[in-house]
Amino acid sequence: MKIANFLKECDFSPEEWLELIDLAAQLKAERASGTETQRLTGKAIALIFEKTSTRTRTAFEIAAFQQGAYTTYLDPVSSQLGHKESVADTARVLCRTYDGIEFRGASHDDIETLAEYSDVPVFNGLTDDWHPTQMLADALTIREHVNKPFTEVAHAYLGDARFNTGRSLLVSSAMLGMDVRIVAPKEYQPDTEAIEIAQAMAEKTGARITITDDVAEGVRGADVISTDVWVSMGEPKEVWAERIEALRPYQVNAEVMEATGNPDVIFMHCLPAFHDLNTSIGRDIFEMTGMNGLEVTDDVFESEASVVFDQAENRMHTIKAVLVAALADD
């Protein structure tokens, strides 16, 4: 397949989304068997990171390297983006030098502007609204670990579903025809736009959508339990306290996993996760709340049900599929 840009899930049809997952699985198998063919030799990709990253940066760099492409990493202090040069001007400069542009930042409008003014494909590494590369990795991981077709998978997301991960998970799962459940307090549920997009996709795929604040209802029979962080560095401590208090009942713990009634349920998290006291944020949270883990307990994170590191690896394979679909010569 050939794609022009990779900005958000709903820019693609359900069939195209499945094609990207299939391509990722093919490329992963080629890599494992030693039969990988470099399809991007001589290509150059600019990686713009307004937000810090471990998985997204390494996945783009290694995916490009393994396919024969070159990358340039541009962080907020090594480019003029947003400081001395507009997004539109940056796009028009970089597309003269590079074959593709990746962007990871806050405003989704910025990446749409990059795509509008660029003559080369633009890839979304994350914005505040959407996280499509993560969704491809999640889907590939589910395919590998749940012995069911996507249309028979029940996927429950617990926690704060207002932002990129929750919104993207809702839409992507609907595109794949899943039984998708968003389990969150009413004030932390996805916005109307994301729900309406998911419902439109569900009409095409037969997906079932449940949005509830009832944990028991939301996780019953689930094949996959997903969550994400509740707080971020830079947010005021007052926000932390309010959010933790609201989301504490939605922590993924042993009781939640047992409440699925499914001995084969898997746990997924896009990482990083606050599951122990081995980070400065984890220690701050413990001092504030007495909680050893936040959105997930350590016993679940480290359990046999947890596939979070397979999920992290799959960021590279699925990003590779996106780069090949966009940049490989016909």
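Assorted remarks:
- Number of the exception - Asn147 against (1) assigned to a helix (DSSP H, G or I); (2) more than 23 Å from Ala325 (Cβ to Cβ); (3) of a type in the set (S, T, N, Q): (1)
- Test result for Asp11, surrounded by fewer than 20 Cβ atoms within 10 Å (Cβ to Cβ), within 30 Å of Gln199 (Cα to Cα) and within 16 Å of the chain's Cα centre (by Cα): yes
- Subset of region 103-122 (residues that are aromatic (Phe, Trp, Tyr) and either within 18 Å of the chain's Cα centre (by Cα) or surrounded by 22 or more Cβ atoms within 10 Å (Cβ to Cβ) (or both)): Phe103
- Failed item, numbered, when Ile48 is tested on (1) touching a helix residue (DSSP H, G or I) at 6+ places or on another chain (Cβ under 7 Å); (2) surrounded by 23 or more Cβ atoms within 10 Å (Cβ to Cβ); (3) not charged (D, E, K, R): (1)
- Among the candidates Glu196, Glu203, Glu187, Glu217, the residue that is within 21 Å of the chain's Cα centre (by Cα), at pLDDT 95 or above and in a helix (DSSP H, G or I) is uniquely Glu196.
- The single condition among (1) surrounded by 24 or more Cβ atoms within 10 Å (Cβ to Cβ); (2) part of a loop (DSSP other than H, G, I, E, B) that Asp128 does not satisfy is (1).
- Conditions (1) without any contact (Cβ under 8 Å) to a residue 24 or more places away in the chain; (2) part of a loop (DSSP other than H, G, I, E, B); (3) of a type outside the set (A, V, I, L, M): number failed by Asp119: (1)
- So Arg92, is it of a type outside the set (Asp, Glu), out of contact with any Leu (no Cβ under 6 Å at 6 or more places or on another chain) and farther than 22 Å from Asp310 by Cα: yes
The values are calculated or read from the model by the stated rules, or taken from the named source; none is laboratory data. All figures in this text were calculated on a predicted structure; none of them were measured in a lab. Here Cβ is always computed from backbone atoms with ideal geometry, including for glycine, and neighbour counts include all displayed protein chains.
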